[in-house]
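The values are calculated or read from the model by the stated rules, or taken from the named source; none is laboratory data. Every value quoted in this text rests on a predicted model; they were computed, and no experiment measured them. Here the Cβ positions follow ideal geometry from the backbone for every residue, glycine too, while neighbour counts run over all protein chains shown.
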Amino acid sequence: MTSATDAPPTTWHAILRQALKDNDVRLVTYVPDNVLRPLIDGIHADPFFTAFPCAREEEAVGIVTGASMAGMRGIVMMQTSGFATLPNVLASLPVAFQVPVLMVVSERGTMGEFNPGQAIVCRTMRPILDSMGIEHHTMTRLDEAAFMADRTIRQAFATRWPACLIISPLLSGARK
Amino acid sequence: MTDNTDNLHVMNRAALTKRLVGKLTKREAVIGGIGNSNWDLWASGKDRGENFYMLGSMGLAAPIAFGVAIAQPNRRVFALEGDGSLLMQLGCLSTIAAQKPKNLTIIIWDNGIYQITGSQGTPSASAGTDMVAIARASGLASAAWAADEAEFDALVGKALTTDGPHVIGVKIDREPGRDQTDRDPIRFRETFSRAMAQAV
(Lines give C-alpha, C1' and ligand atoms only; values in the text may rest on other atoms or scores of the structure.)
Protein backbone atom coordinates (compact mmCIF):
# COMPACT_ATOMS: atom_id res chain seq x y z
CA MET A 1 0.00 0.00 0.00
CA THR A 2 1.12 3.56 -0.69
CA SER A 3 2.05 5.48 2.42
CA ALA A 4 1.32 9.18 2.76
CA THR A 5 4.93 10.04 2.10
CA ASP A 6 5.16 8.14 -1.18
CA ALA A 7 4.82 10.18 -4.34
CA PRO A 8 2.20 8.80 -6.73
CA PRO A 9 3.72 6.64 -9.46
CA THR A 10 4.47 8.43 -12.73
CA THR A 11 5.27 5.66 -15.20
CA TRP A 12 2.71 3.29 -16.74
CA HIS A 13 4.38 0.27 -15.18
CA ALA A 14 4.59 1.78 -11.70
CA ILE A 15 0.94 2.82 -11.98
CA LEU A 16 -0.08 -0.69 -12.96
CA ARG A 17 2.00 -2.24 -10.21
CA GLN A 18 0.36 0.06 -7.67
CA ALA A 19 -3.13 -0.82 -8.95
CA LEU A 20 -2.32 -4.51 -8.42
CA LYS A 21 -1.17 -3.83 -4.87
CA ASP A 22 -4.18 -1.66 -4.08
CA ASN A 23 -6.43 -4.55 -5.13
CA ASP A 24 -4.41 -7.26 -3.32
CA VAL A 25 -3.36 -9.02 -6.55
CA ARG A 26 -0.30 -10.88 -5.29
CA LEU A 27 0.33 -13.65 -7.81
CA VAL A 28 1.88 -12.66 -11.14
CA THR A 29 2.49 -15.29 -13.79
CA TYR A 30 3.92 -14.27 -17.12
CA VAL A 31 5.54 -15.26 -20.36
CA PRO A 32 8.39 -12.83 -20.89
CA ASP A 33 7.96 -9.81 -23.15
CA ASN A 34 10.25 -6.91 -23.91
CA VAL A 35 7.64 -4.16 -23.56
CA LEU A 36 6.50 -5.56 -20.19
CA ARG A 37 10.04 -5.81 -18.89
CA PRO A 38 9.93 -2.73 -16.62
CA LEU A 39 6.60 -3.90 -15.18
CA ILE A 40 7.88 -7.44 -14.59
CA ASP A 41 11.21 -6.19 -13.18
CA GLY A 42 9.39 -3.89 -10.77
CA ILE A 43 7.13 -6.71 -9.63
CA HIS A 44 10.07 -9.05 -9.04
CA ALA A 45 11.78 -6.35 -6.99
CA ASP A 46 8.73 -5.93 -4.75
CA PRO A 47 8.31 -8.60 -2.03
CA PHE A 48 4.55 -7.99 -2.04
CA PHE A 49 4.32 -10.19 -5.14
CA THR A 50 4.85 -13.86 -5.90
CA ALA A 51 6.01 -13.74 -9.51
CA PHE A 52 7.50 -16.25 -11.93
CA PRO A 53 7.67 -17.06 -15.65
CA CYS A 54 5.65 -19.88 -17.20
CA ALA A 55 6.50 -22.01 -20.22
CA ARG A 56 3.19 -21.18 -21.87
CA GLU A 57 0.31 -18.75 -21.42
CA GLU A 58 -2.25 -21.55 -20.98
CA GLU A 59 -0.57 -22.90 -17.87
CA ALA A 60 -0.34 -19.37 -16.48
CA VAL A 61 -4.14 -19.07 -16.77
CA GLY A 62 -4.50 -22.45 -15.04
CA ILE A 63 -2.22 -21.41 -12.18
CA VAL A 64 -4.03 -18.11 -11.59
CA THR A 65 -7.42 -19.84 -11.78
CA GLY A 66 -6.37 -22.38 -9.14
CA ALA A 67 -4.90 -19.72 -6.87
CA SER A 68 -7.97 -17.53 -7.21
CA MET A 69 -10.32 -20.36 -6.24
CA ALA A 70 -8.12 -20.94 -3.19
CA GLY A 71 -8.20 -17.30 -2.12
CA MET A 72 -5.20 -15.62 -3.76
CA ARG A 73 -5.77 -13.07 -6.52
CA GLY A 74 -3.56 -13.21 -9.60
CA ILE A 75 -2.80 -11.91 -13.06
CA VAL A 76 -1.32 -13.29 -16.29
CA MET A 77 1.02 -11.07 -18.32
CA MET A 78 1.89 -11.76 -21.93
CA GLN A 79 2.37 -10.45 -25.44
CA THR A 80 -0.35 -10.29 -28.13
CA SER A 81 0.81 -13.49 -29.85
CA GLY A 82 0.74 -15.32 -26.51
CA PHE A 83 -2.81 -14.19 -25.90
CA ALA A 84 -3.78 -15.76 -29.22
CA THR A 85 -2.98 -19.21 -27.80
CA LEU A 86 -5.66 -18.83 -25.11
CA PRO A 87 -9.25 -19.01 -26.45
CA ASN A 88 -9.94 -22.62 -25.46
CA VAL A 89 -8.70 -22.34 -21.90
CA LEU A 90 -10.32 -18.95 -21.33
CA ALA A 91 -13.67 -20.25 -22.54
CA SER A 92 -13.58 -23.54 -20.65
CA LEU A 93 -11.91 -22.44 -17.42
CA PRO A 94 -12.13 -18.85 -16.08
CA VAL A 95 -15.15 -17.88 -18.17
CA ALA A 96 -17.13 -21.11 -17.71
CA PHE A 97 -16.31 -21.30 -13.99
CA GLN A 98 -16.58 -17.53 -13.48
CA VAL A 99 -13.15 -17.00 -11.98
CA PRO A 100 -11.76 -13.44 -12.17
CA VAL A 101 -8.47 -14.06 -13.95
CA LEU A 102 -6.81 -10.75 -14.82
CA MET A 103 -4.68 -10.35 -17.92
CA VAL A 104 -2.24 -7.73 -19.13
CA VAL A 105 -1.31 -7.91 -22.79
CA SER A 106 1.36 -5.75 -24.36
CA GLU A 107 0.04 -4.91 -27.79
CA ARG A 108 2.23 -5.83 -30.71
CA GLY A 109 1.20 -5.89 -34.35
CA THR A 110 -0.02 -2.33 -34.69
CA MET A 111 1.38 1.19 -35.21
CA GLY A 112 4.51 0.39 -37.08
CA GLU A 113 4.75 -3.39 -36.76
CA PHE A 114 7.41 -4.89 -39.03
CA ASN A 115 6.37 -8.54 -38.74
CA PRO A 116 3.30 -9.50 -40.85
CA GLY A 117 2.53 -12.46 -38.60
CA GLN A 118 2.31 -10.23 -35.53
CA ALA A 119 0.10 -7.76 -37.41
CA ILE A 120 -2.42 -10.49 -38.29
CA VAL A 121 -2.40 -12.09 -34.83
CA CYS A 122 -3.08 -8.68 -33.32
CA ARG A 123 -6.38 -8.43 -35.23
CA THR A 124 -7.64 -11.61 -33.53
CA MET A 125 -7.21 -10.33 -29.98
CA ARG A 126 -10.21 -8.04 -29.45
CA PRO A 127 -12.68 -10.26 -31.34
CA ILE A 128 -11.63 -13.18 -29.09
CA LEU A 129 -12.14 -11.09 -25.96
CA ASP A 130 -15.45 -9.69 -27.23
CA SER A 131 -16.76 -13.12 -28.20
CA MET A 132 -16.47 -14.28 -24.58
CA GLY A 133 -17.73 -11.05 -23.07
CA ILE A 134 -14.36 -10.39 -21.44
CA GLU A 135 -14.11 -6.73 -20.53
CA HIS A 136 -11.00 -5.16 -22.04
CA HIS A 137 -9.58 -1.67 -22.06
CA THR A 138 -6.68 -0.37 -24.08
CA MET A 139 -4.38 1.85 -22.06
CA THR A 140 -3.07 4.65 -24.27
CA ARG A 141 -2.66 7.64 -21.94
CA LEU A 142 -0.68 8.11 -18.78
CA ASP A 143 -3.26 10.45 -17.24
CA GLU A 144 -5.96 7.77 -17.55
CA ALA A 145 -3.80 4.81 -16.60
CA ALA A 146 -4.36 4.70 -12.84
CA PHE A 147 -8.13 5.08 -13.09
CA MET A 148 -8.45 2.54 -15.90
CA ALA A 149 -6.25 -0.07 -14.24
CA ASP A 150 -7.82 0.24 -10.80
CA ARG A 151 -11.42 0.25 -12.01
CA THR A 152 -10.94 -2.64 -14.45
CA ILE A 153 -9.34 -4.80 -11.78
CA ARG A 154 -11.98 -3.87 -9.23
CA GLN A 155 -14.82 -4.70 -11.61
CA ALA A 156 -13.31 -8.06 -12.49
CA PHE A 157 -13.40 -9.14 -8.85
CA ALA A 158 -16.77 -7.56 -8.13
CA THR A 159 -18.40 -9.30 -11.10
CA ARG A 160 -16.33 -12.53 -10.94
CA TRP A 161 -15.33 -12.33 -14.58
CA PRO A 162 -11.94 -12.25 -16.33
CA ALA A 163 -10.71 -8.89 -17.60
CA CYS A 164 -7.89 -7.73 -19.82
CA LEU A 165 -5.80 -4.56 -19.90
CA ILE A 166 -4.10 -3.97 -23.24
CA ILE A 167 -0.94 -1.86 -23.12
CA SER A 168 -0.88 0.20 -26.32
CA PRO A 169 2.39 1.33 -27.93
CA LEU A 170 0.96 4.83 -27.42
CA LEU A 171 1.52 4.29 -23.69
CA SER A 172 4.54 2.04 -23.60
CA GLY A 173 6.55 3.49 -26.45
CA ALA A 174 6.97 -0.15 -27.48
CA ARG A 175 9.67 -1.34 -29.87
CA LYS A 176 11.61 0.99 -32.09
CA MET B 1 9.72 -46.80 -5.94
CA THR B 2 10.35 -47.83 -9.51
CA ASP B 3 12.60 -46.02 -11.96
CA ASN B 4 11.60 -47.53 -15.28
CA THR B 5 8.59 -49.00 -17.06
CA ASP B 6 9.94 -52.55 -17.53
CA ASN B 7 8.05 -54.28 -14.77
CA LEU B 8 4.93 -52.30 -14.01
CA HIS B 9 1.74 -53.95 -12.91
CA VAL B 10 -1.25 -52.54 -14.80
CA MET B 11 -3.73 -51.16 -12.28
CA ASN B 12 -7.20 -49.66 -12.31
CA ARG B 13 -7.81 -45.91 -12.20
CA ALA B 14 -11.18 -46.07 -10.42
CA ALA B 15 -9.82 -48.37 -7.72
CA LEU B 16 -6.69 -46.29 -7.16
CA THR B 17 -8.61 -43.02 -7.12
CA LYS B 18 -10.76 -44.44 -4.31
CA ARG B 19 -7.64 -45.66 -2.56
CA LEU B 20 -6.06 -42.20 -2.79
CA VAL B 21 -9.13 -40.29 -1.60
CA GLY B 22 -9.50 -42.76 1.27
CA LYS B 23 -6.10 -41.68 2.59
CA LEU B 24 -6.95 -37.97 2.65
CA THR B 25 -7.72 -36.85 6.19
CA LYS B 26 -6.59 -33.20 6.18
CA ARG B 27 -8.88 -31.61 3.60
CA GLU B 28 -6.33 -32.10 0.86
CA ALA B 29 -7.34 -30.60 -2.50
CA VAL B 30 -7.67 -32.92 -5.51
CA ILE B 31 -7.85 -31.51 -9.04
CA GLY B 32 -9.30 -33.94 -11.58
CA GLY B 33 -8.13 -33.65 -15.19
CA ILE B 34 -10.54 -33.67 -18.11
CA GLY B 35 -12.52 -36.84 -18.88
CA ASN B 36 -11.99 -40.10 -17.10
CA SER B 37 -9.59 -38.76 -14.47
CA ASN B 38 -12.44 -36.50 -13.45
CA TRP B 39 -15.17 -39.07 -13.72
CA ASP B 40 -13.44 -41.58 -11.48
CA LEU B 41 -12.76 -38.81 -8.96
CA TRP B 42 -16.46 -37.94 -9.08
CA ALA B 43 -17.36 -41.62 -8.62
CA SER B 44 -15.01 -41.85 -5.63
CA GLY B 45 -17.10 -39.34 -3.68
CA LYS B 46 -18.98 -36.54 -5.39
CA ASP B 47 -19.78 -34.88 -2.07
CA ARG B 48 -16.16 -34.18 -1.26
CA GLY B 49 -15.87 -30.38 -1.49
CA GLU B 50 -12.09 -30.38 -1.84
CA ASN B 51 -12.38 -32.06 -5.25
CA PHE B 52 -12.30 -29.81 -8.32
CA TYR B 53 -13.61 -31.12 -11.63
CA MET B 54 -12.09 -29.54 -14.72
CA LEU B 55 -14.53 -29.50 -17.63
CA GLY B 56 -12.26 -28.39 -20.47
CA SER B 57 -8.79 -26.84 -20.68
CA MET B 58 -7.13 -30.19 -21.38
CA GLY B 59 -3.71 -30.40 -19.78
CA LEU B 60 -4.29 -27.86 -17.04
CA ALA B 61 -4.94 -30.12 -14.03
CA ALA B 62 -1.35 -29.74 -12.80
CA PRO B 63 -1.20 -25.94 -13.31
CA ILE B 64 -4.56 -25.48 -11.51
CA ALA B 65 -3.34 -27.67 -8.65
CA PHE B 66 -0.08 -25.70 -8.58
CA GLY B 67 -2.08 -22.46 -8.25
CA VAL B 68 -4.02 -23.89 -5.31
CA ALA B 69 -0.72 -25.01 -3.76
CA ILE B 70 0.74 -21.49 -4.06
CA ALA B 71 -2.32 -19.88 -2.50
CA GLN B 72 -2.41 -22.38 0.38
CA PRO B 73 1.06 -23.63 1.29
CA ASN B 74 -0.27 -25.51 4.33
CA ARG B 75 -2.70 -27.64 2.33
CA ARG B 76 -1.49 -30.63 0.32
CA VAL B 77 -2.74 -30.63 -3.25
CA PHE B 78 -3.02 -33.47 -5.76
CA ALA B 79 -3.45 -33.26 -9.54
CA LEU B 80 -4.86 -36.33 -11.32
CA GLU B 81 -3.83 -36.13 -14.95
CA GLY B 82 -3.89 -38.47 -17.93
CA ASP B 83 -0.80 -39.16 -20.03
CA GLY B 84 -2.37 -37.63 -23.14
CA SER B 85 -3.38 -34.53 -21.22
CA LEU B 86 0.03 -34.04 -19.67
CA LEU B 87 1.61 -34.49 -23.09
CA MET B 88 -0.23 -31.34 -24.18
CA GLN B 89 1.34 -29.26 -21.44
CA LEU B 90 4.76 -30.76 -20.67
CA GLY B 91 6.23 -27.30 -20.13
CA CYS B 92 4.32 -27.00 -16.87
CA LEU B 93 6.62 -29.63 -15.37
CA SER B 94 9.56 -27.23 -15.72
CA THR B 95 7.48 -24.33 -14.41
CA ILE B 96 6.57 -26.37 -11.34
CA ALA B 97 10.10 -27.72 -10.88
CA ALA B 98 11.45 -24.16 -10.96
CA GLN B 99 9.13 -23.04 -8.15
CA LYS B 100 9.38 -26.25 -6.05
CA PRO B 101 5.94 -26.21 -4.37
CA LYS B 102 6.43 -28.47 -1.33
CA ASN B 103 2.75 -29.35 -1.08
CA LEU B 104 2.02 -30.46 -4.67
CA THR B 105 1.77 -34.01 -6.04
CA ILE B 106 1.00 -34.89 -9.65
CA ILE B 107 -0.41 -38.36 -10.32
CA ILE B 108 -0.15 -39.48 -13.94
CA TRP B 109 -2.69 -42.07 -15.07
CA ASP B 110 -0.98 -43.64 -18.08
CA ASN B 111 -3.08 -45.87 -20.30
CA GLY B 112 -1.37 -44.85 -23.54
CA ILE B 113 -4.64 -43.86 -25.21
CA TYR B 114 -6.98 -40.94 -25.69
CA GLN B 115 -9.74 -42.99 -24.15
CA ILE B 116 -12.53 -40.47 -24.36
CA THR B 117 -12.18 -39.70 -28.05
CA GLY B 118 -12.24 -43.33 -29.15
CA SER B 119 -9.16 -44.88 -27.55
CA GLN B 120 -6.68 -43.81 -30.20
CA GLY B 121 -3.08 -44.41 -29.16
CA THR B 122 -1.01 -41.48 -27.92
CA PRO B 123 2.22 -40.54 -29.69
CA SER B 124 4.00 -41.11 -26.39
CA ALA B 125 2.74 -44.71 -26.23
CA SER B 126 3.89 -45.40 -29.80
CA ALA B 127 7.25 -43.82 -29.11
CA GLY B 128 7.75 -45.52 -25.76
CA THR B 129 8.01 -42.15 -24.01
CA ASP B 130 8.51 -42.51 -20.26
CA MET B 131 6.38 -39.80 -18.64
CA VAL B 132 8.02 -40.18 -15.23
CA ALA B 133 11.46 -39.86 -16.81
CA ILE B 134 10.28 -36.63 -18.49
CA ALA B 135 9.15 -35.33 -15.10
CA ARG B 136 12.50 -36.18 -13.58
CA ALA B 137 14.41 -34.65 -16.49
CA SER B 138 12.26 -31.53 -16.06
CA GLY B 139 13.72 -31.12 -12.60
CA LEU B 140 11.14 -32.96 -10.48
CA ALA B 141 13.51 -35.22 -8.56
CA SER B 142 10.83 -37.01 -6.56
CA ALA B 143 9.20 -38.75 -9.53
CA ALA B 144 8.62 -42.51 -9.59
CA TRP B 145 6.45 -45.17 -11.12
CA ALA B 146 4.22 -47.17 -8.81
CA ALA B 147 4.89 -50.77 -9.79
CA ASP B 148 1.88 -52.14 -7.92
CA GLU B 149 -0.78 -51.17 -5.38
CA ALA B 150 1.64 -51.48 -2.47
CA GLU B 151 4.07 -49.09 -4.11
CA PHE B 152 1.22 -46.72 -4.91
CA ASP B 153 0.27 -46.69 -1.23
CA ALA B 154 3.88 -46.06 -0.24
CA LEU B 155 4.29 -43.21 -2.74
CA VAL B 156 1.03 -41.58 -1.65
CA GLY B 157 2.21 -41.95 1.94
CA LYS B 158 5.44 -40.18 1.01
CA ALA B 159 3.45 -37.43 -0.75
CA LEU B 160 1.38 -36.92 2.40
CA THR B 161 4.30 -36.77 4.82
CA THR B 162 7.32 -35.31 3.00
CA ASP B 163 8.12 -32.15 1.05
CA GLY B 164 7.41 -32.24 -2.69
CA PRO B 165 6.83 -31.61 -5.42
CA HIS B 166 6.15 -35.29 -6.07
CA VAL B 167 5.16 -37.15 -9.24
CA ILE B 168 3.63 -40.62 -9.17
CA GLY B 169 3.26 -42.50 -12.46
CA VAL B 170 0.74 -45.33 -12.73
CA LYS B 171 0.14 -47.66 -15.66
CA ILE B 172 -3.60 -48.21 -15.81
CA ASP B 173 -5.94 -50.47 -17.73
CA ARG B 174 -8.45 -49.29 -20.32
CA GLU B 175 -11.59 -49.47 -18.25
CA PRO B 176 -13.68 -46.34 -18.95
CA GLY B 177 -14.61 -43.95 -16.14
CA ARG B 178 -17.17 -45.35 -13.69
CA ASP B 179 -19.47 -42.35 -13.73
CA GLN B 180 -19.75 -38.93 -15.36
CA THR B 181 -19.62 -35.59 -13.58
CA ASP B 182 -22.44 -33.13 -13.70
CA ARG B 183 -21.64 -30.25 -16.04
CA ASP B 184 -22.10 -27.43 -13.60
CA PRO B 185 -18.91 -25.34 -13.51
CA ILE B 186 -20.20 -22.53 -11.31
CA ARG B 187 -21.42 -24.95 -8.66
CA PHE B 188 -18.09 -26.80 -8.83
CA ARG B 189 -16.17 -23.56 -8.33
CA GLU B 190 -18.40 -22.42 -5.47
CA THR B 191 -18.17 -25.77 -3.71
CA PHE B 192 -14.41 -25.97 -4.14
CA SER B 193 -13.78 -22.38 -3.05
CA ARG B 194 -15.94 -22.86 0.03
CA ALA B 195 -13.96 -25.97 0.92
CA MET B 196 -10.68 -24.12 0.36
CA ALA B 197 -11.85 -21.44 2.79
CA GLN B 198 -11.96 -24.08 5.56
CA ALA B 199 -8.72 -24.30 7.53
CA VAL B 200 -6.58 -27.40 6.98
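Inside the stretch B:1-33, residues that are modelled with pLDDT under 95 and crowded, with 17+ Cβ neighbours inside 10 Å make up a count of 3. In this structure, A:I167 does satisfy being within 13 Å of the chain's Cα centre (by Cα) and buried (at least 23 other Cβ atoms within 10 Å of the Cβ). Say whether the condition of being touching an Asp or Glu at 6+ places or on another chain (Cβ under 8 Å), touching a residue at least 60 places away in the same chain (Cβ under 8 Å) and within 14 Å of another protein chain (Cβ to nearest Cβ) is met by at least one residue in the stretch B:140-147. For the stretch B:140-147, residues touching an Asp or Glu at 6+ places or on another chain (Cβ under 8 Å), touching a residue at least 60 places away in the same chain (Cβ under 8 Å) and within 14 Å of another protein chain (Cβ to nearest Cβ): absent. May I ask you to verify whether B:V170 is β-branched (V, I, T) and either more than 21 Å from B:S37 (Cα to Cα) or not in a helix (DSSP H, G or I) (or both)? Yes: the conditions hold for B:V170. Of the residues making up the stretch B:32-90, not one is facing chain A (nearest Cβ under 8 Å) and of a type in the set (D, E). Restricting to the stretch B:75-88, name every residue that is surrounded by fewer than 24 Cβ atoms within 10 Å (Cβ to Cβ) and either touching a Gly at 6+ places or on another chain (Cβ under 7 Å) or without any contact (Cβ under 8 Å) to a residue 12 or more places away in the chain (or both). Those that are surrounded by fewer than 24 Cβ atoms within 10 Å (Cβ to Cβ) and either touching a Gly at 6+ places or on another chain (Cβ under 7 Å) or without any contact (Cβ under 8 Å) to a residue 12 or more places away in the chain (or both): B:D83, B:M88. For the stretch B:85-107: of the residues being among the β-branched types (V, I, T) and under 12 Å from A:G62 (Cβ atoms), which is farthest from the chain's Cα centre (by Cα)? Checked the stretch B:85-107; the qualifying residue farthest from the chain's Cα centre (by Cα) is B:T95. Could you check, for the stretch A:97-113, whether at least one of its residues is part of a helix (DSSP H, G or I) and either within 12 Å of the chain's Cα centre (by Cα) or under 20 Å from A:E135 (Cα atoms) (or both)? Checked against the condition, which is being part of a helix (DSSP H, G or I) and either within 12 Å of the chain's Cα centre (by Cα) or under 20 Å from A:E135 (Cα atoms) (or both), the stretch A:97-113 yields no hits at all. Condition test on A:V95, is it touching a Pro at 6+ places or on another chain (Cβ under 7 Å) and surrounded by fewer than 24 Cβ atoms within 10 Å (Cβ to Cβ)? Criteria met by A:V95. For the stretch A:55-95, residues that are more than 7 Å from chain B (Cβ to nearest Cβ) and in a loop (DSSP other than H, G, I, E, B) total 3.
Considering the stretch A:104-123, the residues that are free of Cβ contacts under 8 Å to residues at least 40 places away in the same chain and aliphatic (A, V, I, L, M) include one that is surrounded by the most Cβ atoms within 10 Å (Cβ to Cβ), namely A:A119. Taken over the stretch A:21-54, the criterion of being under 23 Å from B:C92 (Cα atoms), among the acidic types (D, E) and in a loop (DSSP other than H, G, I, E, B) is satisfied by A:D33 alone. Annotation note: Cβ proximity below 7 Å between a residue of the stretch B:102-116 that is buried (at least 22 other Cβ atoms within 10 Å of the Cβ) and a residue that is among the aromatic types (F, W, Y) (sequence gap 6+ or interchain) occurs for B:L104/B:F66; B:T105/B:F78; B:I107/B:F78.
Taken residue by residue, the stretch B:107-118 has no member that is away from every other protein chain (no Cβ under 11 Å), under 17 Å from A:A70 (Cβ atoms) and of a type in the set (G, A, S). One residue alone among A:T152, A:T140, A:T159 is surrounded by 15 or more Cβ atoms within 10 Å (Cβ to Cβ), of a type in the set (S, T, Y) and farther than 17 Å from A:Q18 by Cα, and that residue is A:T140. Residues of the stretch A:39-54 that are within 14 Å of another protein chain (Cβ to nearest Cβ), surrounded by fewer than 24 Cβ atoms within 10 Å (Cβ to Cβ) and either touching a Phe, Trp or Tyr at 6+ places or on another chain (Cβ under 7 Å) or within 26 Å of B:R189 (Cβ to Cβ) (or both): A:F49, A:T50, A:A51, A:F52, A:P53. Restricting to the stretch A:124-137, name every residue that is surrounded by fewer than 14 Cβ atoms within 10 Å (Cβ to Cβ) and in contact with a Leu (Cβ under 9 Å, 6 or more places away or on another chain). Within the stretch A:124-137, no residue meets the criteria.
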